[in-house]
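Participant: My structure is below; once you've seen it, I'll send some questions.
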Amino acid sequence: MTLPISPEDNQAQARRMRVIVIEDNEDLAKLFCDLLEVMGCATQAAFNARTALEYIRSELPDLVFCDLRLPGDKNGFDVARELRADPACAHIPLIAVTGFDDPVEHQRARQAGFEQVFDKPVKFSQIQGVLNGYVKRVQA
């Protein structure tokens, strides 16, 4: 027996939410992407800021989850500032992920342009809340 598919299901299948995960720990990035894919998203992982900025500017994803502490000459704060300054990318919701439960770091992240800041390990319910919030924003 097949269940009927609603128009909402058809739209969801036609275009999955595209999410970029920026995380220098490759195992954690893969785990995060796998979780997002189980939740119905199409994902791309980037392991440093430069690669992430290239992906974001070329793909224009729906959401970005970004570690604040990245190797190389740019960190997550730099990613947020650059994206917020780019008119083509300024609308993309940015979610910071950090291993440092520090109110000052959280404030710096918000000032750089992140909408929310989550401490590691990020909880399933937090990710689901972000995805639900995005869907509501798009439907409004």
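Participant: Where does the charge balance sit around N25 when Lys and Arg score +1, Asp and Glu -1, over other residues with C-beta under 13 Å from its C-beta?
Facilitator: Working: positive: K30, R69, K120; negative: E23, D24, E26, D27, D67.
Residues close to N25 contribute a combined charge of -2.
Participant: Moving on. Grab the other residues whose beta carbon is less than 13 angstrom from that of N48, score K and R as +1, D and E as -1, and report the net.
Facilitator: Details: positive: R50, R69, K74; negative: E23, D24, E26, E54, D67, D73, D78.
Its environment carries a net charge of -4.
Participant: Let me ask something additional. Let me know the number of lysine pairs in the chain closer than 23 Å at the Cα, not counting same-chain pairs under 8 apart. List each step's numbers first, then the result.
Facilitator: Numbers: K30/K74; K30/K120; K30/K123; K74/K120; K123/K136.
Total qualifying Lys-Lys pairs in the chain comes to 5.
Participant: Go ahead and estimate [θ] at 222 nm for the chain from helices alone: -39,500 (n - 2.57) per DSSP H run with n ≥ 4, summed, over the residue count, rounded to 500.
Facilitator: Details: 6 runs with 68 residues, N = 140.
After summing the helix terms and dividing by the residues of the chain, the value is -15000 deg cm²/dmol.
Participant: If you don't mind, there's one more thing I want to ask. Helix 76-85 against the longest principal axis of the chain: what's the angle in degrees, Cα atoms only, rounded to the nearest 10?
Facilitator: The answer is roughly 70 degrees.
Participant: What ranking do 49-56, 120-127 get when scored by the average of other Cβ atoms within 10 Å per residue, highest first?
Facilitator: Top of the packing list down: 49-56, 120-127.
Participant: What does the convex hull of the alpha-carbon atoms of the chain project to on average, in nm²?
Facilitator: On the way: hull surface 37.7 nm².
Orientation-averaged projected area of the Cα hull: 9.4 nm².
Each value in this text was obtained by applying a stated rule to the coordinates, not by laboratory testing. Note that this is a predicted model, so its numbers are computed, not measured. So basically every Cβ, Gly included, is an ideal-geometry build from the backbone, and we count neighbours across all protein chains shown.
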